[in-house]
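Structure record follows, encoded as structure tokens.
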Amino acid sequence: MTRDQGANAQQIETLSAQQLAAAVPDPIIIFDRRGTTRYANPAAISAFGHIPAGTMLTHKFRTPEMQKIIETALREMRPGALEYVERVPLERAFRVAVLPLEGTNLLMIHFKDQSETRRIDRMRADFIANASHELRTPLASISGFIETLRGPARNDEKARDSFLQIMQTQTSRMARLIDDLLSLSRIEMKPFARTGEKIDIGEIVASVVESLSHLARDLGVTVNFVPPQEKVLAPANRDELTQVLVNLLENACKYGQSGERVDVTIGQSSDGPAPEVVVTIRDYGPGIAEEHIPRITERFYRIDGETSRVKNGTGLGLAIVKHILTRHDGRLSVKSKLGEGASFTIHLPAQ
Amino acid sequence: MTSKHIVRAYDEELASLGNRIASMGGHAERMVEQSVAALINADAALARKVIADDAILDEGQRWIDDRAILLIARRQPMADDLREIIGTIRIAADLERVGDLGKSIAKRVVAVSDARQPIQLFRGLEALATLALTQLKQVLDVYASRSVEAISFMRDRDEEIDAMYTSLFRELLTYMMEDPRNISPCTHLLFCAKNIERIGDHATNIAETVYYVVTGEQLPPERPKEDKSHRVVLSADGDKA
């Protein structure tokens, strides 16, 4: 600005309008009377992806209701409002207002994120559905043992001990399941926000490897990780990424125990449309059959219910991983062959 | 759209084709989303709505065909404009097919929900639908923003859908073998899964068309890919491997 004091008043006016919009934390898009995008603020780009100037607004927001309200606003230069829900890749709900900007030929569309309130409602319903379904099995088993203990095995010292042992395992499984369900619900509930703050992925991986060294030692697994020479930076939420890595490394140690070795590597890749940071966790255990690979991130999907239960799996670990990565605009890729171990790779956008 | 023409009405006619594609896209996405929701929640009323909505897409495709042909005849478009118009015709045809597939899923809702099915029957289908819907949304977003860099990446997603479909195929066969009473709902669900997989294919077709419209070049030929469900065999002795 100081460079160009002579900028005419109109330029300054448009500039300040953009600066104002850029500073607002809610998504805002300014468009002209033909419905063409003139400006999308950073919040809009973070919420809806790339929206270059010139994009037709109705092409980007295609639900029939949205089309109608934008068309009406364009035709009559009148404000309008509606609820807008995006289902994929993450469910998000917005309160949308379309407003003509007085004294100009421009309009703006403003999005207020309502996902949190909606998710709290959904979470209650989901939690009850999932919990009741998954808790029923251990609960049935416990009540079966109680019945036996009060009846036929009342005076059987040995049976009593082993039954109590089983009951304890079941209750701790239930407790873990509730923890995981809560943790998944918490992540789903938190509003979707990319902070853009870059953190050192290498450091996080190193600290996760360190924190699980105890578990690895108990299982007789060696974790090989060579921290990268330079910092590997990507925008991510530290706590959430830590949870992803803990879940994956714990799985690798538990399910790949027979391989006695887990390799963790960090790298950078530019194969996709944008540069990525990739973290691969490779185990040498029994591996995963091809037909299960696409499904393992589904909630409660179990390849082998018995093994999973023995290893204290709740069926939610990878669902949590996938959800966190989706929030980060990243993804999880899995490669495996039966008998040759499995490798789980996290892809995070580097920008 | 692209550069300005001397005749402003021509620009507007071109723009109206694009707008109609966007509105068809919105309806198609909605139909797929609602048909799967109807299936999972055994919601017959929603299913009827989806079936009725298909007419909107049929009408949209007819409208685009008529307008596009008129436009070609009257304006004799060249280069970019011609590609744009031909692209519109092709995308409209793909979207219309997506609508048909959504309708076909909706039609099966009553048959599947005759007896209440356990939820795990639907989990995989829901995940498959999410993949296909994400792909459809991404490709329509690219149509809006014209940023085709993301497209080659998108075709990889199609492989994910195929892998998921094959896995689902196997799972549904397992349920049928476990209990013959599952055969009727699972057969319907198999067709639904196939329809969703086809929706992914149409999204890929649209991606190729958009790439051609924007760049004037064809996407490099696709690597050979296939779903492997035609090779899935389960033996009756409980071997589910």
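General remarks:
- Across segment B:87-101, coupling constants 3J(HN,Hα) worked out from phi with the 6.51/-1.76/1.60 Karplus curve, θ = phi - 60°, read x, 4, 4, 5, 5, 4, 5, 5, 5, 5, 5, 4, x, 4, 5 Hz, and Gly and Pro carry x.
- Computed from point charges on the beta carbon alone (+1 for Lys and Arg, -1 for Asp and Glu), the dipole magnitude for the protein assembly as shown about its Cα centre is near 880 Debye.
- Diffusion constant of chain A at 20 °C, which comes from Stokes-Einstein with the Kirkwood Cα-pair radius and 1.002 mPa s, µm²/s: 90
- Cα coordinate range in segment A:53-149, projected on the principal axes (Å, largest first): 81, 21, 20
- Kirkwood hydrodynamic radius over Cα pairs of segment B:163-223, then Stokes diffusion coefficient at 20 °C and 1.002 mPa s, in µm²/s: 156
- Above-threshold pairs, the threshold being 32 Å between Cα atoms, out of A:K322/B:K194; A:K60/B:K228; A:K335/B:K103; A:K68/B:K228; A:K68/B:K107; B:K107/B:K228: A:K60/B:K228; A:K335/B:K103; A:K68/B:K228
- Peptide B:16-27 - average C-beta neighbours from other chains (10 Å radius): 4
- Cα-based Rg of segment A:194-351 normalised by 2.2 N^0.38 Å, two decimals: 0.99
- Per principal axis, descending, Cα span of the protein assembly as shown in whole Å: 96, 62, 44
- Treating each Cα of segment A:2-113 as an identical point scatterer and summing with the Debye formula, the log10 of I(q)/I(0) at q = 0.15, 0.17, 0.22, 0.24 Å⁻¹ comes to -0.64, -0.80, -1.30, -1.53.
- In terms of packing, defined here as the mean over residues of other Cβ atoms within 10 angstrom, the peptides A:82-91, A:245-254, B:122-131, A:147-156 line up highest first as A:245-254, B:122-131, A:82-91, A:147-156.
- Shape of segment B:79-232, Cα gyration tensor, a/c cut at 1.5: prolate
- Computed FRET value (nearest 0.05) for A:T222 with A:L82, which takes r as the C-beta separation and R₀ as 51 Å: 0.35
- Rg ratio for segment A:212-270: its Cα radius of gyration over 2.2 N^0.38 Å, N being its residue count, equals 1.24.
- Shielding by partners for peptide B:164-177, expressed as the average number of C-beta atoms from other protein chains within 10 Å of each residue's C-beta, is 2.
- Fluctuation leader among B:A163, B:A37, B:A45 - chain B, Gaussian network, Cα springs under 10 angstrom: B:A45
- Considering helices alone, the calculated mean residue ellipticity of the protein assembly as shown at 222 nm is -20000 deg cm²/dmol, with DSSP H runs of length four and up weighted by -39500 (n - 2.57) and normalised per residue.
- Near-label residues of segment A:85-107 by backbone N, under 17 Å of a point 7 Å along Cα→Cβ of A:A53: A:105-107
- In this structure the amide hydrogen of A:F300, modeled in the peptide plane, comes within under 5 Å of the amide hydrogens of A:L316, none closer than 5 places in sequence on its chain.
- Other protein chain C-beta atoms within 10 Å of residue C-beta, averaged over A:287-296: 5.
- Working note: Debye formula, equal point scatterers on the alpha-carbon atoms of segment B:120-181, no solvent; log10 I(q)/I(0) at q = 0.27 Å⁻¹ is -1.08.
Bear in mind these aren't lab numbers, they're just calculated from the coordinates by the rules spelled out. Since we're looking at a predicted model, the values are computed, not measured. Methodologically, a virtual Cβ is constructed for each residue, glycine included, from the backbone with ideal geometry; neighbour enumeration extends over all protein chains shown.
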